[in-house]
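We did not get these values from a lab; they are worked out from the coordinates using the rules stated. In this text the structure is predicted, and so the values were computed from the model without any measurement. Ideal geometry is used to build each Cβ from the backbone, glycine not excepted, and the neighbour counts take in all protein chains shown.
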Amino acid sequence: MDDSPPEPPPPPGAADPPGPLPGWFDASRDVVLTPGSLRGLVHPVRVQLLRLLQVDGPATATRLGRRIGQSSGVTSYHLRVLAEHGFIAEDTARGDGRDRWWRALHRATEFTFRVPGDPGDAETVELAEQYVRIAVEGYYQRMLAYVDGLAAAREELPSRPWQFGDWALRLTEEEARDLAARINALAAGYRREPEDPDPRPGTVRAVLQFQLLPDEIGDNQE
């Protein structure tokens, strides 16, 4: 008898994995979003809430509100919208009857335009652009938080491993895909599981923010 929980359904419009995906992607636990399946997620608060539930595990609206600086009423509304669109569900195994707990239905979400059945139309590509802008703003805020903490950590800075940078590259599209695949495969070995169930001694929580983009600014200068 198999007592394992049923595989969560994907959000409406979610697609089958489109060819090669990052090494960490597990089709039984993760989901691919396309332009047509973003409805209900495209809002800064909802993107934050979904990420927190995926990374740190189930939580209540009150706890999540404290994390993102919003009232429990605001977070409750956005959590209900996420649930209506198949991204999260109420965690009925937790709670004391007063607080509703919520859990993510998938470990992670991967967004792509590379799905033949959903290349996007004018409306959904505009929605996708909004989603990408929200995601990029989150990356930017995380980077700023690190910079804002530099002065307080000045004695530790010489020995810290954290870094950022950029390199001017020239690649074919196939070389770009290969480079991205190798970086994703390397990072997958260090992936932190939801709720961080078994942290190794001597480790800290960290995040890898990865971008591989055409140099639009450089092209405009040629």
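Mean projected area of the Cα convex hull of segment 47-135, taken over all directions, amounts to 6.7 nm². Along the axis of the charge dipole computed for segment 30-164 (Cβ charges of +1 for Lys and Arg, -1 for Asp and Glu, origin at the Cα centre), the listed residues 124, 93, 104 are led at the positive end by 93. Overall size of segment 46-99 from C-alpha positions, given as principal axis extents largest first: 24, 23, 20 Å.
If I stretch the segment between residue 171 and residue 90 completely, what's the gain in nm (0.36 nm per residue apart, minus their alpha carbon distance), one decimal? Write down the numbers at each step before the final one.
Numbers: separation 81, 0.36 × 81 = 29.16 nm, distance 4.57 nm.
This chain segment gains 24.6 nm when fully extended.
Loop-located trypsin sites (Lys or Arg not before Pro) in segment 163-222 (DSSP state other than H, G, I, E, B) with a sparse environment of at most 16 neighbouring Cβ atoms within 10 Å: 170, 191, 192, 205. Eigen-decomposition of the gyration tensor built on the alpha-carbon atoms of segment 151-222 gives equivalent ellipsoid semi-axes of 31, 20, 9 angstrom, largest listed first.
As a test, work out the antiparallel percent of DSSP beta bridges whose residues both lie in the chain, rounded to the nearest 5. Show your work: numbers first, answer last.
Working: 6 of 10 bridges.
Approximately 60 percent, going by the DSSP bridge assignments.
Between (i) 72, 36, 21; (ii) 62, 52, 40; (iii) 52, 39, 36, which matches Cα extents along the principal axes in Å calculated for the structure shown? The listed entry that was calculated here is (ii).
For the chain, modelled as a GNM whose springs connect Cα atoms under 10 angstrom apart, the maximal fluctuation among 158, 194, 116 occurs at 158.
Hey, in the GNM for the chain with a 10 angstrom Cα cutoff, which one of 28, 159, 72 fluctuates hardest? So, out of 28, 159, 72, the one fluctuating most is 159.
Taking 45 Å as R0, compute the FRET efficiency from the Cβ-Cβ separation of residue 150 and residue 98 and round it to 0.05.
Working: r = 42 Å, r/R0 = 0.93.
The calculated FRET efficiency here is 0.60.
The share of C-alpha pairs in segment 113-197 whose separation exceeds 21 Å stands at 63 percent.
Quick check on the chain: helices-only [θ] at 222 nm, where DSSP H runs of length 4 and up contribute -39,500 (n - 2.57) each and the sum goes over total residues. Nearest 500, please.
On the way: 6 runs with 82 residues, N = 222.
So the helix-based figure for the chain works out to -12000 deg cm²/dmol.
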